[in-house]
1. Could you give the alpha-carbon Rg of the range 19-150 over 2.2 N^0.38 Å, rounded to two decimals?
2. Using a simple spin-label model with points 7 Å from Cα along the Cα→Cβ vector, what separation in nm is obtained for residue 232 and residue 136?
3. To the nearest 10 degrees, how steeply does helix 208-218 sit against the main Cα axis of the chain, on a 0 to 90 scale?
4. In debye to the nearest 20, how big a dipole does the range 19-150 give about its Cα centre with +1 on each Lys and Arg Cβ and -1 on each Asp and Glu Cβ?
5. About its Cα centre, how strong a charge dipole does the range 122-257 have in debye, to the nearest 20, once Lys and Arg get +1 and Asp and Glu get -1 at the Cβ?
6. Among 30, 369, which comes first, then next, by fewest other beta-carbon atoms within 10 Å?
7. In terms of the Cα gyration tensor, with a ≥ b ≥ c the square roots of its eigenvalues, is the range 269-321 rounded because a/c is under 1.5, prolate because a/b exceeds b/c, or oblate?
8. Cα extents of the range 224-290 along the three principal axes, largest first, in whole Å?
Amino acid sequence: MATHSSPGFFGRRTLSSPKTSVSKDNDALRIGILGAANIAPDGLINPAKTMRSIVVVSVAARDEAKAKEFAAKNEIPNTHPSYDALINDPSIDCIYNPLPNGLHYIWTKKALEAGKHVLLEKPAASNAEQTKELFELAKAKNLVLLEAFHNRFHPASLRFRDILQKHIAEGHPLKHIQAVIALPPLLPPTDIRFDWNLAGGTMMDVGCYLINAVRFFTGLEVESVESAVPKIVAENVDGRMDCVFKMKGPHSNGVLAQTTASLTNPWLSLQTYLEIIPKFIAETDDKVFTFGVFLLPGMYHYMTIKDKVTGKTENLPKVYGDGHSSHKFQLEAFVKAVKNHGKDVESIPGWVTGEDSVLNMQALDDVYRRAGMKVRE
Ligand SMILES: NC(=O)C1=CN([C@@H]2O[C@H](COP(=O)(O)OP(=O)(O)OC[C@H]3O[C@@H](n4cnc5c(N)ncnc54)[C@H](OP(=O)(O)O)[C@@H]3O)[C@@H](O)[C@H]2O)C=CC1
Ligand SMILES: O=C1OC[C@@H](O)[C@H](O)[C@H]1O
């Protein structure tokens, strides 16, 4: 009998940065990129190279010379002289928006108005009001709009969610939830993530994943933000945010979810060492479920279940599927949704609905209010 095993760590790295592109279907979706963004190779360009059903046709940058350089480096055949020109090109079906957070709303709105489907980087916009407006517009125009919570589409995330939710449904109430993404200061203070004018902030950047993970894995919703303690690094900008959320939903019993988001954990401290692996932990009455590296499960992950009575820990099998990155699984979902004219997207495993994105953004807004900070504009 033939056995199938997923590629190992280096095989997965090779798969996620392919040197050449596969040939494309005649009806492949044509997608253009707004900005020569750092995330674009991982977020779109490399996954698209491995797919026949989508082709990256152009990139636009504020300075076209930069777009040309980026296009040459990433084997993108064309450039456009401005974001507007790209969006209004009738030969383009879809737009990838990896601009700074504060530009997500305006350029996604323009893309939708021009009739393009949009793969939109997280967080969806600067605040919940803008997010709601974008998804209403997408619905009115029958277009696909997806906030890029790529980690949800990976088979390990889906497996972990199913195992946890089954256990809860079998009568084991959640007692505590924890989610952590806390990185040392890898980024300079000039990074877009620390710029209030670009809707920066650590809670916006990595905190949006934490709220989403808590909601996605448990199936619960945020009832209230019980506490939000920021470490301020610039006016109205958080370099770290520690939160406690009260959750609501079936079997929730007001369970608390504790989140830690940081982009400024000090180098060489015990705290940095303890928090360095992005982790999601859910404790029920009898077990503790842990998903390590839940943010980039395609790179590496581990999933464990500890029995609170016996103290024994079970290591769940790793789930890498065909070894591709979470961004590739996400792109496949996006293509499927567009090809199906946005119908029945809820049946796509991991799909982030508009309602989901709005709820996530509402929780983010509430965190900033609770922290005594301004909601992003
Ligand atoms: N899904 C994921 O795994 C990840 C998602 N992200 C998200 O993607 C987005 C972009 O992140 P990242 O790629 O790191 O960002 P970059 O620092 O690379 O910036 C992205 C682009 O923003 C454009 N830009 C437009 N206006 C401004 C301005 N006023 N100041 C600075 N840049 C501007 C630049 O475009 P131009 O080329 O036109 O000059 C730049 O190429 C963020 O929303 C982030 O949250 C980021 C990393 C990972
Ligand atoms: O995946 C990510 O990890 C690091 C962050 O700064 C980035 O914006 C995020 O999307």
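What follows is calculated from the coordinates using simple rules that are stated; it is not laboratory data. Worth saying up front: this structure is predicted, and the values here are computed from it rather than measured. Every residue, glycine as well, gets a Cβ built from its backbone with ideal geometry; the counts of neighbours run over all protein chains shown.
1. Normalised by 2.2 N^0.38 Å, the Cα Rg of the range 19-150 equals 0.98.
2. 3.3 nm
3. Computed tilt is about 60 degrees.
4. Dipole of the range 19-150, to the nearest 20 debye: 220 debye.
5. Dipole size: approximately 500 debye.
6. So the residues, fewest neighbours to most, are 369, 30.
7. Here the range 269-321 falls in the oblate category.
8. Extents along the principal axes: 40, 26, 13 Å.
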